[in-house]
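Here the structure comes first, spelled out in structure tokens, and everything after it is commentary.
Please treat every number below as a calculation from the coordinates, not as lab data. Just so it is clear, the structure is predicted and the values come from calculations on it, not from any experiment. Neighbour counts run over all protein chains shown; Cβ positions are idealised from the backbone, glycine included.
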Amino acid sequence: MALVHSQLAFGQLPSTTGTLYTVDPGETLYLKSIYLHNTGSTNQTIQLYLNGSANSNKIVEGVISAYDTFEWDIAYSIILNTGETVQGNSTNASTVNYFLFGGTE
């Protein structure tokens, strides 16, 4: 099967850690970039995880200023297999938009 590059998922980060993307059965995910945009007037702390929400699963933690955008273009794709997940949260629900880009095969 050929690798298809596209927007994988989008939405708003929850205030408690939630699943942003789950790799479908029989697929492999190549996560290439993550964009986060703070739509609110206050700073937002964000956290992103791979395959669980323990500190050992955390891949990004930081603060996004009011109305600012965080862009992470991954030099080498993060590879996830069937059933594996990308999870995340922010200080307030419905304030930080997320966009995941990459490919699946």
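Sequence-distant or interchain residues sharing an amide H contact under 5 Å with residue 20, placed H: which?
Hits under the 5 Å cutoff: 86, 87, 88.
From the phi angles alone, apply the Karplus equation (6.51, -1.76, 1.60; θ = phi - 60°) to region 86-101 and give each ³J(HN,Hα) in whole Hz, x where the residue is Gly or Pro.
With coefficients 6.51, -1.76 and 1.60, one gets 10, 10, x, 7, 9, 4, 10, 5, 6, 10, 10, 7, 10, 9, 10, 10 Hz.
Take 23, 63 and order them by how many other Cβ atoms sit within 10 Å, fewest up front.
Final ranking by Cβ density, sparse to dense: 63, 23.
What dipole magnitude, in Debye to the nearest 20, does the chain give about its Cα centre under +1 on Lys/Arg Cβ and -1 on Asp/Glu Cβ?
About 180 debye.
Going by amide H atoms built from the backbone, whose H comes under 5 Å of the H on residue 28, apart from near neighbours?
Counting only residues 5 or more places away or on other chains, the set is 105.
Separation between the residue 12 and residue 79 pseudo-spin-labels, each 7 Å from Cα along Cα→Cβ, expressed in nm?
In this crude label model, residue 12 to residue 79 measures out at 3.7 nm.
Obtain the nm distance between the two label points defined at residue 22 and residue 72 by a simple spin-label model: each point lies 7 Å from its Cα along the Cα-to-C-beta direction.
Taking the two extended label points, one gets 2.2 nm.
In whole Hz, what ³J(HN,Hα) sequence does region 9-18 give by Karplus (6.51, -1.76, 1.60; θ = phi - 60°), x for Gly and Pro?
Rounded to whole hertz, the list is 7, 7, x, 10, 5, x, 7, 10, 3, x.
Can you tell me which of 76, 30, 67 moves the most in a GNM of the chain? Springs connect C-alpha atoms under 10 Å apart.
Checking each option, the largest mean-square fluctuation is seen for 76.
Can you list the residues, at least 5 places off or on another chain, whose amide H is less than 5 Å from the amide H of residue 40, using H built in the peptide plane?
Under 5 Å from the amide H of residue 40 lie the amide H atoms of 67, each far enough along the sequence or on another chain.
What residue among 103, 34, 54 has its Cα farthest toward the positive end of the dipole of the chain, where the charges are +1 on Lys, Arg and -1 on Asp, Glu, each on the Cβ?
54
What is the extension gain from residue 97 to residue 39, computed as 0.36 nm multiplied by their sequence separation minus the C-alpha to C-alpha distance, in nm to one decimal?
Residue separation times 0.36 nm, minus the Cα-Cα distance, leaves 20.1 nm.
Just need the relative contact order of the chain here, percent rounded to a whole number, with Cα pairs under 8 Å and 6+ apart.
51
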